[in-house]
Amino acid sequence: MSSFPLKTLFFAALCLAGRSIHAQDENYSFNKGDWFVSAGAGFPNQNGLLLRPVRKELNFEYKGSGPFHFKAEYAILDNLGVGISYNRVAFEASWKVNNPDLAKAFDYRLTYASNSLIIRLNGHYPAAPGLDIYGGFGVGLKTGRPKLVSDDPAKKSWAFPFTFPLGAEATAGARIRVADPLYIYVEAGLAKSFVQGGLSLRI
């Protein structure tokens, strides 16, 4: 039997295998040219930790908002993405403080909101069809200025300086396909929250 048919069959088998592998790659959850938009919420509201010194004050009340996370990412390669991340967190706290000179308790109210816009670079590992594991970091800008007011005539209000305007984040996580193009995502790291999760849409 001639070796020519064997070489032909071997070459055809390689072509079929290559096409099969390529078809499988297309089932992965992160491919060059993909867009992902995500929205989620995180835990905890880290800024609330700043209130520990006043949590035992009279009539202390606290209300937190967020952290909320919104992202957009574009796959520039099959394992590399670039995107932006917008994050917001806020809180409001109130309590009373006794003024011994006036023999009266006065109201104090502290409000704070912080927003950040981060440019991110993410590395991706397509672990299995429908599962994308990734990690990344980013830098950008953030805003935030606490405001404390009181009806105590001796202490009307305090003006705080703006926080450092540069922001950064670093997280690792995974996207899991529910039903294409819908995914759920979970992340852990530093991004105004230690843990976050939400929904992603593949475009």
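Go through segment 85-108 and report how many residues are over 37 Å from the mean Cα position of the chain (by Cα), in a strand (DSSP E or B) and in contact (Cβ under 8 Å) with a residue 40 or more places away in the chain.
From segment 85-108, those over 37 Å from the mean Cα position of the chain (by Cα) are 98-106; that's our starting set.
Then drop every residue that is not in a strand (DSSP E or B), which leaves 98-99, 104-106.
Checking the rest, the ones that are also in contact (Cβ under 8 Å) with a residue 40 or more places away in the chain come to 98-99, 105-106.
Adding up the residues that qualify gives 4.
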Could you check, for segment 157-173, whether at least one of its residues is assigned to a strand (DSSP E or B), out of contact with any Phe, Trp or Tyr (no Cβ under 7 Å at 6 or more places or on another chain) and among the polar types (S, T, N, Q)? yes
Count of residues meeting criterion [at pLDDT 90 or above and in a helix (DSSP H, G or I)] in segment 23-40: 0
Let me spell it out: the conditions are (1) farther than 17 Å from residue 118 by Cα; (2) touching a helix residue (DSSP H, G or I) at 6+ places or on another chain (Cβ under 8 Å), and residue 65 meets all of them except one. Which number is the exception? (2)
Please verify whether segment 136-143 includes one or more residues that are among the hydroxyl-bearing types (Ser, Thr, Tyr) and within 23 Å of residue 33 (Cα to Cα). no
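Taking only segment 185-203 into account, find how many residues are under 13 Å from the mean Cα position of the chain (by Cα) and in a strand (DSSP E or B). Walk me through it before giving the result.
In the first step, residues of segment 185-203 are kept if they are under 13 Å from the mean Cα position of the chain (by Cα); the result is 185-200.
From what is left, the residues that are in a strand (DSSP E or B) are 185-190, 195-200.
Going through segment 185-203 one residue at a time, the tally reaches 12.
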When both residues are 6+ apart or on different chains and their Cβ atoms are under 8 Å apart, which pairs have a first residue that lies in segment 138-167 and is over 17 Å from residue 92 (Cα atoms) and at pLDDT 80 or above, and a second that is assigned to a loop (DSSP other than H, G, I, E, B) and not hydrophobic (A, V, I, L, M, F, W, C)? 141/165; 142/163; 142/165
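The values are calculated or read from the model by the stated rules, or taken from the named source; none is laboratory data. On a predicted model such as this, the values are computed, not experimentally measured, just so you know. Cβ sites come from the backbone with ideal geometry, for glycine too, and all protein chains shown count toward neighbours.
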